[in-house]
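> This structure is in structure tokens; I'll ask about it shortly.
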Amino acid sequence: MLLTQLKYDLLMFSREIFYMVFTIIIPPVSYLFMGQLFGDSTYAGNLSYAETYTPSFILLITFGVVFFAFGFDQVMNRTTGVEKRINLSPVPKRTLLLSNILRSIIITSFGYFLVFFIGLIAYDLSFQPLNFVLAFGTFMLLNAALLVISSAIYSFFKSMNGALVFSIVIFQIVMFTGGFTMPIAMMPKFVQVIADFNPIYHMNQIFIAVWNGQLEWNGETLKSIGFIIIVTAISLLVLRFGNSLRKSSFKWYPTNRDRGGDVGDEGYTGH
């Protein structure tokens with residue numbers, strides 16, 4: 001049942017042009033375009049363009065997939081009534097949730113290897129097996145944190161239009177304050193302040209360091225890890241509190257089927 005649902009979810013994702021553009025097309029194209037402009041530059045830690053921006057654009061794809069295809073999907077299901085029908089369907093809700101999580105992991109992993117191979121071919125990116133394995137493990141942890149944060153943020157939206165506008169705006173904000181366009185140190189002061197409160201920026205800094213084997217357990221690293229943990233923990237609390245509210249507002253009444261009659265009215269009231 002899980003494999004069937006996963007296959008269906010992956011197929012539906014491939015048919016959503018909006019998702020494909022913002023998650024699979026824009027980041028790799030931006031990676032190639034910026035490489036043509038800044039490919040010969042040297043960045044912090046004496047890193048090349050490929051060493052700095054390959055992990056960055058992998059993370060950008062991950063952010064796009066998780067926020068659009070996972071978080072925004074939750075709002076769409078909630079506002080169009082799909083969530084209520086899921087509660088009444090024979091498919092366990094956990095199966096549907098697990099399928100959505102696996103779909104996000106599969107697509108983000110595809111983005112991981114896509115950008116990596118582009119770096120190998122276009123920018124002679126070096127391959128170090130140990131760093132690659134450590135980076136992929138870190139990538140999975142960041143993936144999990146983003147899934148939690150995304151789910152918590154989109155739990156506040158009751159309108160699909162509002163969630164859509166937010167998704168587009170937040171993508172642009174993350175692009176500029178997450179260190180995906182140019183080093184934050186070169187940005188205006190107000191952008192640097194916003195970056196300090198942007199968990200994606202902290203994830204990006206950690207991911208770049210792990211990718212290049214330069215992770216040092218100093219104050220900045222502990223600050224970034226601590227900030228990510230705090231945001232993720234708050235998100236978990238938001239989700240738990242929100243789920244409790246939804247359960248308390250979901251009342252079940254017996255249907256005609258439960259009474260032994262024909263299938264009739266839906267046996268629930270939800271708000």
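The values are calculated or read from the model by the stated rules, or taken from the named source; none is laboratory data. As the structure is a prediction and not an experimental result, all values here were calculated from the model. Ideal geometry is used to build each Cβ from the backbone, glycine not excepted, and the neighbour counts take in all protein chains shown. Heads up: the accessible areas ignore ligands, DNA and RNA and are worked out on the full protein's heavy atoms, side chains in. Shrake-Rupley method; radii C 1.70, N 1.55, O 1.52, S 1.80 Å.
> Which whole-number value in Å² is the accessible area per residue of region 41-184, probe 1.4 Å? Numbers along the way, then the final one.
Working: 6150 Å² over 144 residues.
Ligands and nucleic acids excluded, the figure is 43 Å² per residue.
> Same structure, new question: Could you order peptides 102-114, 133-145 by the average number of other Cβ atoms within 10 Å of their residues, highest first? Kindly include the intermediate steps, with their values, before the conclusion.
On the way: 102-114: 19.4, 133-145: 17.2.
Descending mean neighbour count gives 102-114, 133-145.
> Another one. State, to one decimal in nm, how far the label point of residue 197 lies from the label point of residue 32, with both points 7 Å from Cα in the Cβ direction.
With each label point 7 Å from Cα toward Cβ, the separation is 3.8 nm.
> Quick one: net charge of residue 224's neighbours, Cβ under 15 Å, K/R +1, D/E -1? Write out the running numbers ahead of the final one.
On the way: positive: 223; negative: 196, 216, 220.
Surrounding charge for residue 224 is -2.
> Tell me the carbon and sulfur percent of the accessible area for region 2-66, rounded to whole percent, probe radius 1.4 Å. It would help to have the intermediate numbers written out before the result.
On the way: 2010 of 3080 Å².
So the carbon and sulfur contribution to the accessible surface is 65 percent.
> Using the beta-carbon distance between residue 80 and residue 11 and R0 = 22 Å, what value does 1/(1 + (r/R0)^6) give for FRET efficiency, to the nearest 0.05? Kindly include the intermediate steps, with their values, before the conclusion.
Working: r = 19 Å, r/R0 = 0.85.
So, using R0 = 22 Å, E works out to roughly 0.75.
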